[in-house]
Amino acid sequence: MGLKKISNRRKGSLSLSINAIVVLILAITMLGLGLGFMKKMFGSTTKQFEDVADGMKEEMIKNLQGSTERVAMNRYDMNIKKGDEKEIYFAIKNDIGTSGAQTQFNIVIACYGSIQPIAIPRDQITFSTLPSKSIDMEEISVMKAVIKASSNSLITTYSCKVAVCDSVAGTPLIDDDSNGNQGDGTVSGCGTSAPYAQKDFFINVKSS
């Protein structure tokens, strides 16, 4: 009788062990399927974003090719939250120099004014981008800039500008501070020449 009870217990323990292994295998299988689905889903989403970015760049290039403008942006009025970063794209067309030659352009992006007069644009909105770019004659280069709105930036609309100079002429300076006040966005620093190109845009800072 005692041996029979022990045998039943062993059978019960073995049955529980087998069930636990089956459950574990099923869990691992489901996890693998789930990870595969998530990877496929995120991979598809990433490709969609890449396709949108490529389409946007192509549109900017097409717009510049058919116009006398030298600079174009993907957006001229954009929103950003306090403390956040956002990417923007801009394109520069080289229509000076000789065929087959490159021209180096110096680039500056800055905000110089705002609707709220007590805001200090140059401190509250900053940009990170390439300081210069060499572009072949009759070619268009698309570049990225990262906007950073500081956590203490005021909730208002800022006036900003992309300024470009031929590197031989100099590096553009955007007037963002006139006697302690906001600047007027005038571009200097390009020697005796006018800026090669400049383009204004707006950034609307929203609450976090």
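The values are calculated or read from the model by the stated rules, or taken from the named source; none is laboratory data. A quick note: this is a predicted structure, and the numbers were derived from the prediction, not measured. As a convention, Cβ positions derive from the backbone with ideal geometry for all residues, glycine included, and neighbour counts pool all protein chains shown.
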Filter the stretch 175-208 for residues that are in contact with a Gly (Cβ under 6 Å, 6 or more places away or on another chain) and outside any loop (DSSP other than H, G, I, E, B); the one that is modelled with the highest pLDDT is Q182
Here the qualifying pairs (Cβ atoms under 7 Å; residues six or more apart or on different chains; first in the stretch 166-183 and over 22 Å from D136 (Cβ atoms) and in the same structural domain as A194 (by TED's automatic domain parsing); second of a type in the set (K, R) and buried (at least 17 other Cβ atoms within 10 Å of the Cβ)) come out as I174/K161
The lone condition I107 fails out of (1) under 22 Å from N74 (Cβ atoms); (2) part of a loop (DSSP other than H, G, I, E, B); (3) not hydroxyl-bearing (S, T, Y) is (2)
Of the residues in the stretch 110-132, those that are more than 19 Å from the chain's Cα centre (by Cα) and in a loop (DSSP other than H, G, I, E, B) come to I115, Q116, P117, I118, A119, I120
- Task: Return a yes/no flag: does the stretch 133-149 have any residue that is without any contact (Cβ under 8 Å) to a residue 40 or more places away in the chain and either outside any loop (DSSP other than H, G, I, E, B) or within 21 Å of the chain's Cα centre (by Cα) (or both).
- Result: yes
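Looking only at residues that are of a type outside the set (A, V, I, L, M) and farther than 21 Å from A72 by Cα in the stretch 194-208, which one is surrounded by the fewest Cβ atoms within 10 Å (Cβ to Cβ)?
Taking the stretch 194-208 and keeping what is of a type outside the set (A, V, I, L, M), we get 195-196, 198-202, 204, 206-208.
Cutting the leftovers down to farther than 21 Å from A72 by Cα gives us 206-208.
Numbers: K206: 12, S207: 6, S208: 11.
Step by step, filter the stretch 194-208, then rank; the result is S207.
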Of those in the stretch 98-136 that are among the hydroxyl-bearing types (S, T, Y) and surrounded by fewer than 20 Cβ atoms within 10 Å (Cβ to Cβ), the residue nearest to C165 (Cα to Cα) is S132
So, first residue farther than 12 Å from E139 by Cα in the stretch 57-77, second residue of a type in the set (S, T, Y), Cβ within less than 8 Å, six or more apart or across chains; the pairs are K57/Y89; M60/Y89; M73/Y89; N74/Y89
